[in-house]
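What follows is a single structure, written as structure tokens, with notes after it.
Derivation of every value follows stated rules applied to the coordinates shown; laboratory data play no part. The structure presented is a predicted model; accordingly, all values stated were derived computationally and were not measured. Positions of Cβ are backbone-derived with ideal geometry, glycine not excepted, and every protein chain shown enters the neighbour counts.
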Amino acid sequence: FRDIANLDTSSWKELKRDEIWGGHREYYWFETVVTLPDAFEGKCAAFEVKTGREDAWDATNPQFSIFVNGKRVQGLDVNHREIILSECAKKGETFRIVMSAFTGDQNFHLFLDANLKVLDRKTEKYYYDLAVPYDTARLLDPESDAYIKTIQALNDSLNLLDDRRE
């Protein structure tokens, strides 16, 4: 962890697509280099990690420390599955991503699927603006005024969206 920027990964084995990794409380290291495509220019570029345990992740399941270009940037777990590479991406920009992984308990059949994606910050904000009152409404009596008013307000908001494609 002291000098990730100069970590020699030349002897590491390549993890192929659909290859299984895992174990009981085992540690693994992974590395990838990604180059942002032209279509990402000026957009928020994110790197997402999936292990096949997304519906079952908990505090003892796969966890990662993520290093980008030699600097620790974030941890990944059940509630954090992506990192932001750039808020305003430049086409052709390259990132070296190194991941220190901990399998957690009894996770013998994990895979590692990583994707680059564009994150639309306005859509993300709107999602959370909807999710909070929706999750709250689910705790209320469905016959209550508070529930009905909340669901109606959410429905009204969603009805204002224009989902036509240009």
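Residues that are surrounded by fewer than 16 Cβ atoms within 10 Å (Cβ to Cβ), at least 3 per element: which strands (runs of 3 or more DSSP E) completely within segment 50-166 meet that?
71-76, 113-119
Looking only at residues that are free of Cβ contacts under 8 Å to residues at least 40 places away in the same chain and β-branched (Val, Ile, Thr) in segment 111-146, which one is nearest to Asp18 (Cα to Cα)?
Ranking the candidates gives Thr123 first.
Arg121 - would you say it is touching a Cys at 6+ places or on another chain (Cβ under 8 Å) and more than 30 Å from Trp29 (Cβ to Cβ)?
yes
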